[in-house]
Each structure stands twice: as structure tokens, then as C-alpha cells.
1. Where both partners of a DSSP beta bridge lie in the stretch 1-160, what percent of those bridges are antiparallel, to the nearest 5?
2. Would you please give the FRET efficiency between Glu134 and Asp66, computed as 1/(1 + (r/R0)^6) with r the Cβ-Cβ distance and R0 = 25 Å, to the nearest 0.05?
3. For Ser172, Ser17, which order do you get if you count the other beta carbons within 10 Å of each Cβ and list the fewest first?
4. DSSP loop trypsin sites (Lys or Arg not before Pro) in the stretch 75-175 with at most 12 other Cβ atoms within 10 Å of their Cβ, which ones?
5. Counting other beta carbons within 10 Å of each Cβ, put Asp224, Asp6 in order, fewest first.
6. What is the ratio of the Cα radius of gyration of the stretch 65-173 to 2.2 N^0.38 Å, where N is its residue count, to two decimals?
7. FRET efficiency for Ala46 and Asn157, Cβ-Cβ distance as r, R0 = 41 Å, nearest 0.05?
8. Among Thr164, Thr180, Thr234, Thr23, what is the fewest-to-most ranking by other Cβ atoms within 10 Å?
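Laboratory data are not the source of any read-out in this text; all were calculated from the coordinates shown. The shown structure was predicted, so the numbers you read here are calculated from the model rather than taken from an experiment. No Cβ is skipped: glycine too gets one built from the backbone with ideal geometry, and neighbour counts run over all protein chains shown.
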Amino acid sequence: MGQKLDGTVALVTGASSGIGEATAAVLADEGAKVALVARRRDRLEALAERLGGAERALVVEADITDADAARQAVGTTVAELGRLDTLVNNAGVMLLGPIVGAPLEEWQRMVELNLLGLLYCTHAALPHLLRAAEGEPRAVADVVNVSSVAGRVARANSGVYNATKHGVGAFSESLRQEVTARHVRVTLIEPGATATELAFQNRPEILEGMAQTFGGIEIMQAGDIAEAIRYAVTQPRRVSVNEILVRPTEQER
């Protein structure tokens, strides 16, 4: 028996670590060829080797906050692997802290990656996804947008991060309504506290506060979120999983 994604191609952004790396692995495990998109080529090449080399994984070094680079990443994927069936918009950054006196460059980084990068990749990918959904092997395609609990509940000291993730949720639902009748499914994944590199880009005083908030609970691993993505994209054509909120058992909000 073949795997559920045999004959398909997936593109994963932010694939050099964390949720993106784990997601690429589970999609490959399901039979997909995977385009690995991120800026750290050395990590992508190491991951590609683990996934089976050039026959199973394509390394695409790109900064998706540049619209041309995002478009080229999608174009390279289709040119090299022949099609595109699944887009996982995972790349993101979380820079927390008070709004008052915040470094503007942190806000710009979040808007550019969490929102604009996602939009650029989706815009470039949609014609290919719509085409894939018209025929074999699955007659369905998927857009998976990785958001956050912060996309559901606004909290102090995460104002712009909240804004970007709420934006991802709104965009996802609007896109879903536009393309679902054409069998392109849109899934919003909203993780709670997860052990990735995401937190460690924050300033030391922010990290100290995060340690106080989450230090006493068992947080999730990147693979836990990858399994939620696997669940969504391997459903039968008739099933569209629109939203998955997943928190550590001990996380209250």
C-alpha cells in the first residue's frame, strides 16, 4: 500500500528547524517530495540528506520576506519537482515585549515574515495548487498556515505578534471561502507553548518573563505540531480540517 501523499509535492517554509523541519519529515514520511525553504542552507542540506537526498527533498535557500525570492522559491519547486500540492507557511518570528517604547525593527521583522512572507508564498503558490486540485493523484490541494494561540487571544506584551497572527487567521478564513469549492483546503494551525528556536530571539528580559510563565509546565515538541499538520493534509478529499488549536495539557490560556 502506498503512502497517503505519494505522487505529491509539498513546500515548507522555515524548514531549517523546529516545526518546519519536523513537518517536512512527516510529509516525506507520507510519500511527498518536499521543497525545503529557509535561509540557512547548511541546515536544509542536512535535512534533505536525512529525508532521502535529492530524489526526495529539494533545498531552496530563500528569504521569503522578499516577494521576488518567494515567487522564485515556488517557481523552482515546480520546475524541479514538477508540481505543487501542499504549501505549509510555517516561517515566523515572535518578538515580545511592551508596545510602549518597543524597538520598531522588531515590529517590522514580524510583519515582514509572519504576514508578508506568508502572503507572498501563498500568492505564488495558488495557481499551482488550484491546478493540482483538478486531477491526479489526489484531486485536492492544501494550504497550511501556522499561526499561534496568540492569533485567538490578545494579551499584553505581545501586541504586534498578536496582530500578525490574528491577520493570518483572517486571511486564512477569507482564502478558504474563495477556494474551497475548487478543492483547495485551507488549514489554520494554532500552537501553544512549543519547544522551538522561536522564543530565543527575544531580548533577555523577555526570556526571563517567559521562563516564569512556562517554566513549570511540560511544553510541546515541534513533532507534536507536525503531527497535527499530518492529520489535516492526509484527510480524504471530502474532509477539510479548517482549524486546529493545540496547547500543552498544562497550559491554561
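1. 0
2. Efficiency, from the Cβ-Cβ distance: 0.25.
3. Least crowded to most crowded, the residues run Ser17, Ser172.
4. For trypsin sites (Lys or Arg not before Pro) across the stretch 75-175 that sit outside H, G, I, E and B with at most 12 neighbouring Cβ atoms in 10 Å, the list reads Arg155.
5. Sorted ascending by nearby Cβ count, the order is Asp6, Asp224.
6. Cα Rg divided by the expected 2.2 N^0.38 Å: 1.21.
7. The calculated FRET efficiency here is 0.70.
8. Final ranking by Cβ density, sparse to dense: Thr180, Thr234, Thr164, Thr23.
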